Each structure stands twice: as C-alpha cells, then as structure tokens.
Amino acid sequence: MEMMKEYIEEAEKALLHTYNRYQIVFDKGEGVYLYDLNGKKYLDFCAGIAVFALGYKNEAYNQALKDQIDKVIHTSNYYYNVPAIEAAKKLQKVSGMDRVFFTNSGAEAVEGAIKAARKYGYLKDGQTDHEIIAMEHSFHGRTMGALSITGNPKYREAFQPMIGNIRFATLNDFDSVLSQVTEKTCAIIFETVQGEGGIHPATEEFMKKVKALCEEKDILLILDEIQCGMGRCGSMFAWQKYGIQPDIMTTAKALGCGVPVGAFLMTEKVAENSLVAGDHGTTYGGNPLAASAINKVLDLFEENHIIENVNMVGGYLEKRLDELVEKYDFIETRRGRGLMQGLVFNCPVGNYIQKALDAGLVLINAGTNIIRFIPPLVITKEHVDEMMVILESCLQ
Ligand SMILES: *Cc1c(COP(=O)(O)O)cnc(C)c1O
C-alpha cells in the first residue's frame, strides 16, 4: 500500500491537476485483468476507455510492435511507409470508405473532419461562414475545434470563444436538426452511439432521416465512431448496422489498442472536393510504429472473430444487466449496443464504482448517474458472470 501511496503523492506534485484519479497505480495487465503495484488483481470492464479491445499482453500484437520498433519507428509524412499503406488499405476494406488520414488521437481526427467539411463548403460557394450542426450531450474531444462541437456547456464555458458557426440539435429528434439547418450548413456531426454523454444510440429512423436530409441539401454527414466503432457495437463500425454510409467518419481509441492513433476517413466525393496538399498535416500521424499497431489490430480482429464474440457476449451482457434493472428499484434502465452498455441509476454512481474497484472490478461512469460497461472485446460469458457477482455485492 505504501509504495502506491508514495507514487500518488509524487504524481500530485508533478502532474497538472486535470483529473480526479482513483487512488490506484496500475502496473501490468494480462488478458482482461489489470494488476496494481501491490499485485492486486482487477477484472477490467473499462479497457482504458474502450481502447484495449484485444486485452492486455496480447502476444501477437506485442510482437508486431517489437518487430516494427527494431525496423524503424518514425520517418515523417514527407515519405511513404509500408505499414501506413497496409493499414490504410485494411481500413478501406473494413469501412467501405475511400480515403484515410491518420492522426494521433480522437480529437485530432475530429479536427480533421471539421476542416474537411469546411473546405468542402468553401469549394462549393467560396463562402467562409459555413455552419456545422452538432448534438447536445455529445463528446468529441478537448481541442478547440472538437470542444466547440461538444454538447456539454460545462466543458466549454471557461474556454470561450469557441470556433464559430456551430449549432446544436438533439440526438434522435429530427425536427430539432431540421430547425438548425440553413443555407450555410456544411455538415451534421454526431456519435453513432453517444459515449460520454450517457450511452445513447442513434435510432435507425433518426439516422435515415438525417442521411436523406444531407443528401437532399448536399450537407456532409460526419459520424464520430471513436468510442462506438471498432467492433464494440457488433459491427466493425456502428453505422454499418443502419444501412447508411457517412461522408466522413472518425475513429481512434481501439484502432490502435493502446498505441495512440486515430484516423478520419471520407468518401471519394468528399476527398475530391476538400483537403489538398498543404491543407492539413501531422508530424507523427500514421508513422510506422502507429500504423503497425493498426495493421495488427485489424488482422487480429479478423483472425480472432472479434465481432462474432461481441455479438455473442454482448447479448449475454445485455441479458444479465437487464436482470439488475428488474431487481433493483434504483436502477432505471439499460441502454447500449453490443459491448457498449450503460446502466442508468436514479442516483450518483460514484460510490458504486469505488466499491467495485475496492472489490477488484474496474468500471467507469458516463455522466453522474450511469455506469458504463466497455470491456475488452475478447471477454467471455464467464467474465460477465464474474463481473456480475462483484457488481451485485456492491449494490447490496
Ligand atoms: C474519446 C473520444 C473522443 C476524443 O478522443 P481522444 O483520443 O481522447 O482525443 C472523441 N469522440 C468520442 C466519441 C470519444 O469517445
């Protein structure tokens, strides 16, 4: 205990206080378990915030990274590199999108998507006052552009002014979107399943109506798949279950399974009418090490039938969580898709999460009243049962 406490004290003296961290120093991971410095074992239903899809210490993944480290880690985007070419081809194949730009994070992928949309509007009419419609309760990241379209006033307040010409509508309320559309609208952006905002999936009706509106008015549909994508909701990207295609999409989090990467992808139509040489760039984005991570992740998704597993275990997780909704008055409902689930309480969940951590189960919240379940995508039904036993002991 003492060693952990000492490290935490040092951290609080050295790091900027931007997080209220749980009092744990994690040391290593294996499969779906994490271990703290004292060797205490935790079942992980957070996966580093929907990142470690393949679980910890995956040998094939680790070996691919080690091999690339020994070859070359970075060369810059002035030159081509084989891992990035391979990763882009694989992403094209699994997404059905045409063009890829690699970034280092989710927020940067969102920034790129915003720039592409504004450029698309600019090339159409030469105007520089285009508008973007985003959703209330959305989360798109902490950089200024991504923050500007994040529908949480608390996150934005102190950092005003935001980038201009952003309008907010309500997810799953098509009329609210329609009422924000003007002749200046160049894009509509939302998460296919809202993550931080409380696990709200877009309804099929909403998705289809927004898509039709976008086609009618030549507005770009941008879907943020940073949290809900990469298999988590039972298809490679969550939008693929809706029978539509976005014009631009963003991905990150599980894309690199721990190596910091992201990407925004677009259709050929958008690519031909938006960003060109000199418009956008990044020093690290898609470097050989980062791209080799994406390559291996996409290979392992296929080899290990990750999406099949999500559909099987996700259904089971839903069923088990629904039992809790039935059993406890203070649990109101369950929302989610696949292995992205939220349990909605009628009270703050902070105490339950702390109790779970004490009992060796890593859970996180989404807003004050919701426990979020975003485990590694390799979990089994037995892990769900194990989680349920610990969780129930904390609910008593
Ligand atoms: C996490 C997240 C982001 C931001 O990604 P970072 O890598 O933290 O910058 C953007 N959008 C969604 C939906 C996210 O969940």
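A few comments on the model shown:
- Matching entry among 32, 82, 51 (being touching a residue at least 12 places away in the same chain (Cβ under 8 Å) and farther than 17 Å from residue 377 by Cβ): 82
- Lone qualifier among 166, 132, 114 - being of a type in the set (Val, Ile, Thr), within 16 Å of the ligand (Cβ to nearest atom), within 24 Å of residue 201 (Cβ to Cβ) and under 18 Å from the mean Cα position of the chain (by Cα): 114
- Of all residues in region 202-240, those being crowded, with 24+ Cβ neighbours inside 10 Å and not hydrophobic (A, V, I, L, M, F, W, C) number 6.
- Boolean, residue 318 is closer than 28 Å to residue 23 by Cα, out of contact with any Pro (no Cβ under 8 Å at 6 or more places or on another chain) and in a helix (DSSP H, G or I): no
- Residue in region 167-188 that is farther than 30 Å from residue 346 by Cβ, assigned to a helix (DSSP H, G or I) and in the same structural domain as residue 138 (by TED's automatic domain parsing) present: yes
- Output for region 229-256, where each listed residue is of a type in the set (Phe, Trp, Tyr) and either in a helix (DSSP H, G or I) or more than 20 Å from residue 308 (Cα to Cα) (or both): 239
- Condition check for residue 226: in contact (Cβ under 8 Å) with a residue 40 or more places away in the chain, part of a strand (DSSP E or B) and either touching a Lys or Arg at 6+ places or on another chain (Cβ under 6 Å) or on the phi < 0 side of the Ramachandran plot (or both): no
- Selection status of residue 249, outside the structural domain of residue 339 (by TED's automatic domain parsing), closer than 18 Å to residue 337 by Cβ and either away from the ligand (no atom under 11 Å from the Cβ) or touching a residue at least 24 places away in the same chain (Cβ under 8 Å) (or both): yes
- Condition check for residue 344: assigned by TED's automatic domain parsing to the domain that holds residue 21 and not in a strand (DSSP E or B): no
- Among (1) under 19 Å from residue 113 (Cβ atoms); (2) in contact (Cβ under 8 Å) with a residue 40 or more places away in the chain; (3) of a type in the set (Gly, Ala, Ser) - the single one residue 277 does not satisfy: (2)
- Across region 271-285, a minimum of one residue is classified as at pLDDT 95 or above, crowded, with 20+ Cβ neighbours inside 10 Å and either within 23 Å of residue 56 (Cα to Cα) or within 13 Å of the ligand (Cβ to nearest atom) (or both).
The values are calculated or read from the model by the stated rules, or taken from the named source; none is laboratory data. Just so you know, these numbers come straight off a predicted model, no measurement behind them. Quick reminder, even Gly has a Cβ in these numbers, built from the backbone with ideal geometry, and neighbours come from all protein chains shown.
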